[in-house]
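The values are calculated or read from the model by the stated rules, or taken from the named source; none is laboratory data. The model shown is predicted, which means the values in this text are computed figures rather than measured ones. Glycine gets a Cβ as well: all are built from the backbone with ideal geometry, and neighbour counts include every protein chain shown. The accessibility values were calculated without ligands, DNA or RNA, using every heavy atom of the protein model including side chains. Shrake-Rupley method; radii C 1.70, N 1.55, O 1.52, S 1.80 Å.
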Amino acid sequence: MGFDGFVIHHSVCEQKPKTESWDFIIKQDSSVIASPVLKDSELIHICLEGDFNKDYDAMNLEQKMQLFTASKIISELSRLYSISPLFLFPHSETCPGAYFPWNVLVIYPVDGYH
Ligand SMILES: [Zn+2]
């Protein structure tokens, strides 16, 4: 079984029902709620609580911490399941939105894969 990558949501996502399709929810205090089982066999769904459709510079400290927490989860899961941490996909045009700072989420593998 292999995953194709990660789908990023924010909690103002229009999708309903919401929580049932997310594997990881990163709360505003950066605590993480992890689903006991991954629900999608191809993609891992990560949701950031709040509205993340804005420039990184316009985000508050809590949101920046949430993004940092997400980047750690992504790098750990990508190692665990051998997924490229660069395979990040938006859920839709508005989730997490055109202004979402994708570059902040990516921790480039320092040593590469060898
Ligand atoms: Zn969504």
For the chain, percent of DSSP beta bridges that are antiparallel (nearest 5) comes out at 20 percent
Considering only protein heavy atoms, with the full assembly of protein chains and a 1.4 angstrom probe, order 41, 35 by accessible area, largest first.
41, 35
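Please report, as a whole percent, how much of the solvent-accessible surface of the chain comes from carbon and sulfur atoms (probe radius 1.4 Å). Write out the running numbers ahead of the final one.
Working: 3720 of 6710 Å².
Exposed carbon and sulfur together represent 55 percent of the surface.
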Please give the calculated 222 nm ellipticity per residue for the chain, where each DSSP H segment of at least 4 residues contributes -39500 (n - 2.57) and the sum is spread over every residue; nearest 500 deg cm²/dmol?
-7000 deg cm²/dmol
Taking only the Cα positions of the chain, the convex hull volume per residue in Å³ is 98 Å³
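Please list 48, 38, 80 from largest to smallest accessible area, probe radius 1.4 Å, with all protein chains kept in place.
80, 38, 48
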List the Cys residues of the chain that have no partner Cys with a C-beta closer than 4.7 Å.
47
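Tell me, which longest segment in the chain has none of the GluC sites (Glu not before Pro) that fall in DSSP loops with at most 12 further Cβ atoms within 10 Å? Intermediate results must be reported in sequence, preceding the final value.
Values: sites that count: 14, 42, 93.
Between exposed loop sites, the widest span is 43-92.
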Taking amide H positions as placed 1.01 Å from N in the peptide plane, with prolines and chain starts having none, which residues 5 or more places from residue 7, or on another chain, fall under 5 Å of its amide H?
44, 45, 46, 89
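Could you put 94, 69 in order of accessible surface area, largest first, with the 1.4 Å probe and the full protein assembly present? Display every interim value, and only then the final one.
Details: 94 90, 69 15 Å².
Order by accessible area, largest first: 94, 69.
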With residue 5 itself left out, Lys, Arg at +1 and Asp, Glu at -1 over residues whose Cβ is under 12 Å from its Cβ give -3
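Measuring with a 1.4 Å probe in the full set of protein chains, what accessible area per residue, in whole Å², belongs to the range 2-71? Each step should come with its number before you reach the end.
On the way: 3560 Å² over 70 residues.
Heavy-atom SASA per residue in the range 2-71 reads 51 Å².
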